[in-house]
Each structure stands twice: as structure tokens, then as C-alpha cells.
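Participant: Below is one structure. I have some questions about it.
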Amino acid sequence: MPDGGTVEISASNVRITGNDRVPLNEGQYVKISVADHGIGISEENLPRIFDAYFTTKDRGSQKGMGLGLAICHSIIAKHKGHIAVESKAGVGTAFHIYLPASPKNIAGGKPHKEGDLSAARGRVLFMDDDERVRRITGAMLQRLGYDVEFARNGEEAIERYRREKESGKRIDAVILDLTVQGGIGGEKALRKLREIDPEIKVVISSGYADDPVMKDFRAYGFLAAIAKPYTAEALTALLEKL
């Protein structure tokens, strides 16, 4: 909404039946709707908005990479849910998210304490082409006690690792984004990194948990895989196992 406006968010319990035009199994779901009254999406672009790298914005880490909705679609599908959209140019857009409802009671959790997370030390090289992901993940890793080096693509990761190794500085783990816009992604970068250091510890990362490389990461030479979005606990568990 370039000129500002109102975003409406609602949630409700719904039951999906065979009569509903939603590609889900029958059952109880939580429906979350997010609607605006902005410029809307054209009929021409509407069928493509969940495609990876499709964007109507200028390219760039500070502008648009065309991955946001594709990652949302992947995460929701992984949870056996569905995301739908309805939009009209000049009127607005509404996204509807359906997630399976659970009849179980929510167990009370323990209050989070700073000391709950591991303070293990080490150096991590983190590669991702999204500046926001680098910034947020870097902050989490630093809070966990790790020193972090950053790379925007495979080329930068390879060069950074080579320089660090030649200067005698140890990097304990490398986390590579599987798919990078306009550069070498994680799978190809790993092959180059292995030439520099056959013993390198590399983790593959992606918002597409169903990608063959993520599912069978060891067959592609990775020690582990981690799906986006990350949590501090998941990063801790991952790095402690390497």
C-alpha cells in the first residue's frame, strides 16, 4: 500500500469438507486471513505469485528476490496446510492460510531464560543471498557465542574460506543456502570448498524442505541440513552435532 492503509488480520476455526474448494483433506483447520486495501495483484500475475523468483519489484537484496511467498507456500505445505489468495487490481488482496487444528491441549512451557541456550564457541561462515536473513541469523549465532563470517553467494563463500584457511584462521562450520539468485548455490559451492579443504564441515540450508538435496543431504556431501526459518535452538542443536 504505497499511500498507507489498513491491514486486517483474522483467525477462525473451520471445518473443511468435500464441498469446499480447498485442496485439503476433510477435517478441522485454523484459517488465518490477512487482507489489505492496496493496489491489488493483476490477473496476469496472480497465477505466478507463489513461483520462486517471480517478482514485480526491482531485483536486489534490499528490494525483491521473489522468494517470500514461495517460501511461505513451502512451509505451509510442509505442515499439511494450504495458502490461497484472492485479489482485484485497485481494490486489495487477501491471503487465506489453512493449518490443521489439533484437539490436544497445549502443554505449559517453561519460561525462556538466557542461560537455556548453549554458549559453545566457534567460527561459522554463513552464506545467504538475502541481507535480512544474514543479519538476523548472524545475530542469533553471535548471541549463541559464535563468531560469524558472511557471504552473499557461493563465490564469496569460496573466496572467504580460502583466505581464512591460508591465513591460518579456522572456520568450524559452513552453512550454505541451496539456491542463490545470480550466483553459485550451495551444492556447487560445496564441490569447490572440498577442493580447498576435504575435511570441511558444511550444512545445506533452504526454505524448500522437500528439495531432494535437503531430503538426502548426505548423498550430496553435506553433513546436515537445516530448513528456514531458523530458531536459535535449532541452530544450537545443529552446530553441536557437527
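The values are calculated or read from the model by the stated rules, or taken from the named source; none is laboratory data. Fair warning: this is a prediction, and the values are worked out from it, not measured in the lab. Note: ideal-geometry Cβ built from the backbone for every residue, glycine included; neighbour counts use all protein chains shown.
Participant: What's the total number of residues in the range 19-56 that are touching a His at 6+ places or on another chain (Cβ under 8 Å) and in a loop (DSSP other than H, G, I, E, B)?
Facilitator: 4
Residue by residue, here is whether (1) more than 18 Å from the chain's Cα centre (by Cα); (2) in a strand (DSSP E or B) holds:
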position	(1), (2)
Val133	no, no
Arg163	yes, no
Arg170	yes, no
Glu187	no, no
Leu190	yes, no
Pro198	yes, no
Asp210	no, no
Met214	no, no
Ala225	no, yes
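Participant: Go through the range 1-37 and give me each residue that's modelled with pLDDT under 90, surrounded by 10 or more Cβ atoms within 10 Å (Cβ to Cβ) and closer than 30 Å to Val180 by Cα.
Facilitator: Hit for the range 1-37 is Met1, nothing else.
Participant: From Ala237, Ala224, which residue is small (Gly, Ala, Ser) and surrounded by 18 or more Cβ atoms within 10 Å (Cβ to Cβ)?
Facilitator: Criteria check complete, one pass: Ala224.
Participant: Quick check on my filter: what residues within the range 99-136 are surrounded by 14 or more Cβ atoms within 10 Å (Cβ to Cβ) and modelled with pLDDT under 75?
Facilitator: Answer for the range 99-136, where residues must be surrounded by 14 or more Cβ atoms within 10 Å (Cβ to Cβ) and modelled with pLDDT under 75: Leu117, Ser118.
Participant: Can you pull out every residue in the range 69-95 that is assigned to a strand (DSSP E or B) and free of Cβ contacts under 8 Å to residues at least 24 places away in the same chain?
Facilitator: Scanning the range 69-95 gives a single hit, Glu86.
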